[in-house]
Amino acid sequence: MIERKQLGIAVVGAGRIGSLRAGLAAGHPGVNFIAISDADPARARDLAQRIGAQFHSGDNLAAISRPEVNAVIVATSEGEHVRPVMQALELGKTVLVEKPLALTLSEADGILAAAEKRGANLRVGYSRRYKERYLIAKEQVMQGRVGRIVGASARVFNSRSQALAMLKRNPGATPVVDALTYYVDLVNWMLEGAHVTEVFARGQKGVLKEAGHDTDDVTWAILSYSDGAVANLGVSYALPAKYPALGHAARLEVLGTEGVMILDDDHTDQLMYSEKGVPHVYLPDHSVNMVFLQSGTPGDWALGDFWGPIANETRAWLDHLALGKPCALATPREARRTLEVTLAIEQSAASRKPVALPLAK
Ligand SMILES: NC(=O)c1ccc[n+]([C@@H]2O[C@H](COP(=O)([O-])OP(=O)(O)OC[C@H]3O[C@@H](n4cnc5c(N)ncnc54)[C@H](O)[C@@H]3O)[C@@H](O)[C@H]2O)c1
């Protein structure tokens, strides 16, 4: 007889991603209680009313400490993850926190220590893992179908309008730390068991600097792994504002001794032109006429429900909690390693020198 656990979920941060996660939780058969909190109490109230949550507040601890709550989703802005995660861990709750785990290694280590001290179930939302093409790629690696991985390449492009929204939300959320981080996680995941020992990177400034942000328009990095594998990763969040992708335009290639995988994630094969214009899933006052469908990073609304990476990931996590099914969400140790690599890429691009890992804290 499958044992089914009843879930009470608190969602901290009622913004774009918190709203998606809360809506998906409200539609999950294992969830019978939802509490919402946000630094802006009105946002928490509006989301709670929209999804039929039982509780809402401007006080995170009030939501996290509800007796009905046994799991917490932290979807606050990048620089605001640490405190609510620590509050939830201290109360013995299970936690899903959005990426990046934190913005500094010392903060990440504080979370890791607290989680490991309590044997807590903490996961990090590297939702690219739950875009089906990457989930299936991981399965091929696990089946040994590409043999030993000797190299990989991954890059992500996006429009400058998305970069400016991200940097406005948090200056520390640079394209490397906040976007390339997904692909560092994916390549680390494909190369599970090995770790990065050295990074060499170069970047170039341009339109983002002109817009007032001391951030590179483009960054390329060479990652060397402990098993000898080498990977080339790159990010540019400076594409023209009206570039037709609504999110990541990406590619991942994996080179093995027995095979190769080439995953095109640019979505240029799914185009729509609309005189009416298409709203941006992520930027409220932004619409485009030409669009690559299914290029929205979290996923897409269709026929009244949400589909795609965030939907798959949230449902997999809730099934994991309710039914004890295994899930592939990133662990805090993996997320800490990914953060370290992204910080090393930024250091190497700034110093123009190779950077050895582990980084001094
Ligand atoms: N997995 C994905 O596909 C994906 C996509 C986009 C963003 N993200 C991540 O999700 C997180 C949230 O991003 P977003 O786009 O939803 O941002 P957002 O700005 O839309 O929402 C953040 C919300 O957090 C609230 N908030 C900020 N500090 C708070 C605090 N201390 N306590 C309570 N509420 C607080 C804000 O008021 C806002 O409502 C970020 O870490 C981001 O990197 C993940």
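The values are calculated or read from the model by the stated rules, or taken from the named source; none is laboratory data. Every value quoted in this text rests on a predicted model; they were computed, and no experiment measured them. In this analysis, Cβ positions are derived from the backbone assuming ideal geometry, glycine residues included, and neighbour counts consider all displayed protein chains. The area values use the complete protein model at the heavy-atom level, side chains included, leaving out ligands, DNA and RNA. Shrake-Rupley method; radii C 1.70, N 1.55, O 1.52, S 1.80 Å.
Taking 74, 176, 141 as the candidate residues, the one with maximal mean-square fluctuation in a Gaussian network model of the chain, Cα springs under 10 Å, is 141. From the Cα gyration tensor of the chain, with a ≥ b ≥ c the square roots of its eigenvalues, which class applies: rounded if a/c is under 1.5, or else prolate if a/b is larger than b/c, or else oblate? Judged from the Cα gyration tensor, the chain comes out rounded (a/c under 1.5). Using a 1.4 Å probe on the protein chains only, how many percent of the accessible area of the chain belongs to carbon and sulfur? Reported share for carbon and sulfur atoms: 54 percent. Accessible surface for the chain, divided over its residues, is 43 Å² per residue with a 1.4 Å probe. For the chain, adding -39500 (n - 2.57) for each run of n ≥ 4 DSSP H residues and dividing by the number of residues yields -10000 deg cm²/dmol at 222 nm. For residue 242 and residue 198, the FRET efficiency from 1/(1 + (r/R0)^6), where r spans their Cβ atoms and R0 equals 35 Å, is about 0.35. All other residues whose Cβ lies under 15 angstrom from that of residue 3 are scored, Lys and Arg at +1 and Asp and Glu at -1, for a net of +2. In a simple Cβ point-charge model (Lys, Arg +1; Asp, Glu -1; nothing else charged), the stretch 197-347 has a dipole of about 240 debye relative to its Cα centre.
In whole percents, the pair-distance distribution calculated for the stretch 23-118 from its alpha-carbon pairs, binned every 10 Å from zero, is 16, 48, 30, 6. Taking a Cβ cut-off of under 15 Å around residue 110, the surrounding Lys, Arg, Asp and Glu residues balance to a net charge of 0, with basic ones at +1 and acidic ones at -1. Take every Cα pair under 8 Å whose residues are at least 6 apart in sequence, average their separation, divide by the length of the chain, and the relative contact order is 19 percent. Looking at the chain, the DSSP beta bridges with both ends there are about 55 percent antiparallel. Between amide H atoms placed 1.01 Å from N, distances below 5 Å from residue 150 occur with 255, 256, 257, all of them 5 or more places distant or on a separate chain. Comparing mean-square fluctuations of 285, 40, 319 from a GNM of the chain with C-alpha springs under 10 Å, the top value falls on 285.
Within straight-line reach of residue 131, meaning a Cα separation under 21 Å, sit the following lysines at least 8 residues removed in sequence or on another chain: 99, 325.
Among 249, 26, 44, the residue with the largest mean-square fluctuation in a Gaussian network model of the chain, with springs joining Cα atoms closer than 10 Å, is 26.
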